[in-house]
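Colleague: Structure below; questions to follow.
The values are calculated or read from the model by the stated rules, or taken from the named source; none is laboratory data. Since this is a predicted model, take the numbers as computed values, not measurements. All Cβ positions, glycine included, derive from the backbone under ideal geometry; neighbour counts span all protein chains shown.
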Amino acid sequence: MSFDLHRPATVTEAVDLAQRFAPTARYVAGGTDTVIQINRKKIDPAHLIDVACLPGMSEITETADAFALGALTKYRSIETHPAFRGNLRVLLEAASVVGGHQVRNIATIGGNIVNASPAADFVPPLLALDASLDITGPKGRRSVALRDFIVGPGRTNLSPVEIVTSIRFTKLPARSATAFLKEGRRRAMEISVVCVAACLTLEASTSRCACVRLAIGAASPKAFRPEQAEGYLIGKPAGNESFAEAGRLAAEASSPISDVRASAGYRRGLVAVMVERALTTCLQRIREQNQ
Amino acid sequence: MNRKILNIVVNGESHQVLIEPHWTLLQVLRNEIGMMGTKENCLEAECGVCTVLLDGKAINSCILLAGQVEGCSITTIEGIGDPEHLHPLQEAFIECGAVQCGYCIPGMILTAKSFLDENPGCRPSRDEIREAIAGTLCRCTGYRKIIDAVATAADRIALSGAKQ
């Protein structure tokens, strides 16, 4: 284990360094995944480029109709931000189950996304919010929808020299709520057996579903949106019956593996139950908002 | 050797250390600066015995590259009190009998301190305390008294804050 640690002052400098030392260079931010992977000899970079202190990438910015989260935003900042206590609660709920306090004080949400673990807890909430990523590379900037960004377990469409700088999503319309549920073998410091994020919007004057976005983690090679389940719910009355059917359809669309944490069959069962519960939680939250 | 100079402040004192790029903050604290209160165990941020405060916030020093904390301020267990002037958390841990083998206690106290500092004047519920220290494992199964101790310290700190 031997590498050089570089500490560029700007994104441009970081990208230049990555280009100069490619393919033996790797970016590092909070290091809570990278350093462990180096210690386990899973990766062996000759050059680590520390992006943790790059300016302008740790802010949570709110505009009239959208939010932008800097890629270096820490989980703890999401947990404690007042904007995520209302209908964007899914972000707070997911941020607060990542690791322990120590990890959440330093690990970045951008790191969680680019690692592209199928069990990444922060990815399903952002998928349910239809988030997109801003990326800077040698050829300039580009944007990509998160759902197109992650292509498989540990694989994204990011080139090794590009940097994710921020994550954007639009605010939710009235009569919307979100929820995040996670099941692990124990409650703290645990990798998800399955996690589910849901975003539900009801029609203006009925209790029918107007818009539904579901995202499921750890039950497929990558976190995914069960489109059939989402489509099924549009125009249906929100309630136990329709939510249970959506859960069944989501379970059908999942392709979990059996591993040390759970069997594939158990995971599929969890998907059905957790989708139903997440939607029920959303519905309760919409009702509470209107009281 | 491509050693580089690292400037850090540990418990209020400035240090200049010659480090190798792969050294972690834990290695620097123990091997170079001699702060042995910071413990080494899992080296994967699972157990929390290596917890120190980085600019006031609890982090796992075992997986943080020392080169990434240039110019930062670190607090270890040695920096929050001494035998004559114990920190309220240290006092409460002794009173409540919260220390068994002791290996997790520096991390436990610093994790609790980070949480209490973040929520000044708060008297957390037992569940909130459990949640706050979830990243720090005690293998003597002594959590009940540890939670008693954090609750006791939180009450005293809140009370003394209210008096001031």
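Colleague: Taking A:ARG248, is it in the same structural domain as A:ILE216 (by TED's automatic domain parsing), of a type in the set (Lys, Arg) and touching a residue at least 60 places away in the same chain (Cβ under 8 Å)?
Modeller: Here the answer is no, as A:ARG248 does not meet what is asked.
Colleague: Would you please name the residue that is surrounded by the fewest Cβ atoms within 10 Å (Cβ to Cβ), looking only at residues in the range A:1-39 that are away from chain B (no Cβ under 11 Å) and either assigned to a strand (DSSP E or B) or small (Gly, Ala, Ser) (or both)?
Modeller: Looking at residues that are away from chain B (no Cβ under 11 Å) and either assigned to a strand (DSSP E or B) or small (Gly, Ala, Ser) (or both), I get A:ALA9.
Colleague: In the range A:40-96, which residue that is part of a helix (DSSP H, G or I) and among the hydroxyl-bearing types (Ser, Thr, Tyr) is surrounded by the fewest Cβ atoms within 10 Å (Cβ to Cβ)?
Modeller: Among residues in the range A:40-96 that are part of a helix (DSSP H, G or I) and among the hydroxyl-bearing types (Ser, Thr, Tyr), the one surrounded by the fewest Cβ atoms within 10 Å (Cβ to Cβ) is A:THR80.
Colleague: Another question, then. It is to be established whether one or more residues within the range B:146-164 are more than 17 Å from the chain's Cα centre (by Cα), buried (at least 16 other Cβ atoms within 10 Å of the Cβ) and modelled with pLDDT under 95.
Modeller: Yes: one or more hits.
Colleague: While we're here: Could you check the range B:29-53 and list, in sequence order, the residues that are within 30 Å of A:PRO8 (Cβ to Cβ) and within 7 Å of chain A (Cβ to nearest Cβ)?
Modeller: Of everything in the range B:29-53, those that are within 30 Å of A:PRO8 (Cβ to Cβ) and within 7 Å of chain A (Cβ to nearest Cβ) turn out to be B:LEU43, B:GLU44, B:ALA45, B:THR51.
Colleague: Taking the criterion of being modelled with pLDDT of 95 or more, surrounded by 24 or more Cβ atoms within 10 Å (Cβ to Cβ) and closer than 17 Å to A:ASP130 by Cα, would at least one residue in the range A:229-250 satisfy it?
Modeller: Yes, the conditions are met somewhere in the range A:229-250.
Colleague: Criterion first (touching a helix residue (DSSP H, G or I) at 6+ places or on another chain (Cβ under 6 Å), touching a residue at least 12 places away in the same chain (Cβ under 8 Å) and β-branched (Val, Ile, Thr)) does A:VAL212 satisfy it? Can you show your working first?
Modeller: Working: touching a helix residue (DSSP H, G or I) at 6+ places or on another chain (Cβ under 6 Å): yes; touching a residue at least 12 places away in the same chain (Cβ under 8 Å): yes; β-branched (Val, Ile, Thr): yes.
Here the answer is yes, as A:VAL212 does meet what is asked.
Colleague: A further question on this structure: Only strands (runs of 3 or more DSSP E) wholly contained in the range A:176-234 count here; list those with 1 or more residues that are of a type in the set (Lys, Arg).
Modeller: Hits in the range A:176-234: A:176-183, A:209-217.
Colleague: In the range A:97-106, which residue that is at the interface with chain B (Cβ under 9 Å from one of its Cβ atoms) and outside any helix (DSSP H, G or I) is surrounded by the fewest Cβ atoms within 10 Å (Cβ to Cβ)?
Modeller: A:GLY99
Colleague: Hey, another quick one. Being assigned by TED's automatic domain parsing to the domain that holds A:ILE163, more than 15 Å from the chain's Cα centre (by Cα), more than 24 Å from B:ALA132 (Cα to Cα) and not charged (D, E, K, R) is the requirement here; does A:ALA46 meet it? Lay out the reasoning, then the answer.
Modeller: Values: assigned by TED's automatic domain parsing to the domain that holds A:ILE163: no; more than 15 Å from the chain's Cα centre (by Cα): yes; more than 24 Å from B:ALA132 (Cα to Cα): yes; not charged (D, E, K, R): yes.
Here the answer is no, as A:ALA46 does not meet what is asked.
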